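The values are calculated or read from the model by the stated rules, or taken from the named source; none is laboratory data. Predicted model only: the values in this text are computed from it and were never measured. Glycine also receives a Cβ, built like all others from the backbone with ideal geometry; neighbour counts cover every protein chain displayed. With ligands, DNA and RNA removed, areas are computed over all heavy atoms of the protein, side chains included. Shrake-Rupley method; radii C 1.70, N 1.55, O 1.52, S 1.80 Å.
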Amino acid sequence: MRAAFPCNSMETQILGRSRGWLAYAKQYIEAGEVVAFHTETVYGLGANAFNDEAVLKIFALKGRPADNPLIVHVHKDFDISRLIDGEPPYAAALRAAFLPGALTMVYPSTGKVSKYVSCGLNTLAIRVPSSPTAQAFLREVDLPIAAPSANLSKHVSPVTARHVYDDFNGKIPLILDGGACSGGIESTVLDCTGEVPQILREGLVTREMIASVAGDCKIYVRREGEQPKSPGMAYKHYSPRCKTALCNAAEEAIALYDRERERGGKPCILAESELIPALEEREVLDLGGTGEEMARRLYALLRKAEKTATLLIGVVPKERGGVMAGVMNRFYRAFGGEHEA
Ligand code: TXA
Ligand code: MG
């Protein structure tokens, strides 16, 4: 027996693990609708990658530029040989080492999914998320699911079901709630079409981790005037909807903060844990102490700040190494600074 849709109108339901939740999701996906779902990095906005109209709906919902390709998500036993035109030996080793997980791999495409997924590129980005919610959903539909992060274009990526709801309430039927995302920044995007793997977007799986398995790993740096290999990286991104300012030291942040107060504004400072005492009684958001903590907290804090602050002042973290490359990339972009890789 087929489960009934929970409602007829486009009221957005947030469903956690409960009876029939995956059957609803499957029905919506098969009907060409868009369903948001938890992953361990950020929430995704998913549609059947074989269905042109469903894929186009994602672009329309997000207000996403038509030249920014989507990642296809599959469950861990899905046969990707239907979707990709071969893979180098290092890619098989990387899959064995890091998947399911926060690593997206770009392969030559067989062109089987909708042409709108890769926006005319002859490659396809594939991700196998480790989130049990994502795995259960992907297994239930047993289809490749094209999914960008479930935020309006240029807004901060969502790390809770509530964040998705704030951007898409009334526009999508269902959000599969798996709780807060443990990773907190988007997956590493890795080009696996060349002799040596090349990172197009840094994330939780670091260059060192990839090189330790593949022997080597490059980082893509876009040359002046060149079309970016990962078009998404060319856009301003992840921005909170309040004024922002960036500084390098606590004293600078304090000066900006106090000036905004004098003007009658409500400033707030986002800084790593060790700076918090120096900021005294001021309104602060604690980014954490380790790279993993900063990755996990950054987007939730940006979304929190934009709700109340007139000015969000970010102090550039001093922490480096490991996942900080990915964190710094998002941090600079959120504060409007230009920063490639
Ligand atoms: O963690 C993640 O990757 C999340 C979750 C939902 O899986 N997804 C995500 O998707 O961040 P999105 O659309 O926000 O970012 C996808 C990035 C973009 O920078 C896009 O340009 C790049 O991946 N991309 C997608 N397909 C590509 C391809 N064939 N070649 C190069 N870059 C590609
Ligand atoms: Mg995104």
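Between rounded, prolate and oblate, where does the range 266-341 land on the alpha carbon gyration tensor, with a ≥ b ≥ c its root eigenvalues, rounded for a/c under 1.5, else prolate if a/b exceeds b/c?
It is oblate, given that a/c is not under 1.5 and a/b is not larger than b/c.
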Roughly speaking, what is the centre-to-centre gap between the range 148-165 and the range 67-127 when only Cα atoms are used, to the nearest Å?
23 Å
Quick check on the chain: take the gyration tensor over C-alpha atoms, sort the square-rooted eigenvalues as a ≥ b ≥ c, and tell me if it's rounded (a/c under 1.5), prolate or oblate.
oblate
For the range 243-334, compute the number of Lys pairs whose alpha carbons are separated by less than 14 Å, excluding pairs fewer than 8 positions apart on the same chain.
5
Summing +1 per Lys or Arg and -1 per Asp or Glu among the other residues with Cβ less than 12 Å from Val72's Cβ gives +3
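Within 10 Å of each candidate Cβ there may be at most 16 other Cβ atoms; applying that plus a DSSP loop requirement, which GluC sites (Glu not before Pro) in the range 227-296 survive? Each step should come with its number before you reach the end.
Details: sites: Glu251, Glu252, Glu260, Glu262, Glu272, Glu274, Glu280, Glu281, Glu283, Glu292, Glu293; in loops: Glu272, Glu280, Glu281, Glu283.
Of the GluC sites (Glu not before Pro), the ones in loops of the range 227-296 whose Cβ has at most 16 other Cβ atoms within 10 Å are Glu280, Glu281, Glu283.
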Counting only heavy atoms of protein chains, what accessible area per residue, in Å², does the chain have with a probe of 1.4 Å?
43 Å²
Where the centre of each part is set by its Cα atoms, how far does the range 267-322 sit from the range 205-221, in angstrom?
28 Å
Within the range 173-217, what residues put their amide N at less than 19 Å from the label point 7 Å along the Cα-to-Cβ vector of Thr308?
none
Carbon and sulfur: what percent of the range 13-219's accessible surface (1.4 Å probe)?
50 percent
Cβ-Cβ FRET estimate between Glu274 and Ala97, R0 fixed at 25 Å, reported to 0.05:
0.15
Value at 222 nm in deg cm²/dmol, rounded to 500, when DSSP H runs of n ≥ 4 in the chain each add -39,500 (n - 2.57)
-9000 deg cm²/dmol
Toward the positive end of the charge dipole of the chain, about the Cα centre and with charges on Cβ (Lys, Arg +1; Asp, Glu -1), which of Ala96, Ala147, Ile185 goes farthest?
Ala147
Longest principal axis of the chain (C-alpha) makes with the long axis of helix 250-262 (C-alpha) an angle, in degrees to the nearest 10, of 80 degrees
Which order do peptides 116-125, 207-216 fall in by mean Cβ count within 10 Å, highest first?
116-125, 207-216
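Let me spell out the model: positive unit charges on the Cβ of Lys and Arg, negative unit charges on the Cβ of Asp and Glu, origin at the Cα centre of the range 243-334. What dipole size does that give, in debye rounded to 20? Let's see the in-between values first.
Working: 15 positive and 15 negative charges, 110 e Å.
Rounded to the nearest 20 debye, it is 520 debye.
I want the local charge near Gly184. Using Cβ-Cβ distances under 11 Å, sum +1 for each Lys or Arg and -1 for each Asp or Glu among the other residues. Write down the numbers at each step before the final one.
On the way: positive: Arg296, Arg297, Arg330; negative: Glu40, Glu186, Glu292, Glu293.
Residues near Gly184 contribute -1 overall.
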Compute the acute angle (0 to 90°) between the alpha-carbon long axis of helix 291-308 and the principal axis of greatest extent of the alpha-carbon atoms of the chain; round to the nearest 10°.
70 degrees
Between 0 and 90°, nearest 10: helix 324-334 axis offset from the chain longest Cα axis
80 degrees
Suppose every Lys and Arg Cβ carries +1 and every Asp and Glu Cβ carries -1, with no other charges. What dipole size does the chain come out with about its Cα centre, to the nearest 20 debye?
720 debye
Taking a straight Cα-to-Cα line shorter than 26 Å from Lys112, and setting aside same-chain lysines fewer than 8 residues away, one finds Lys26, Lys57, Lys62, Lys76, Lys229
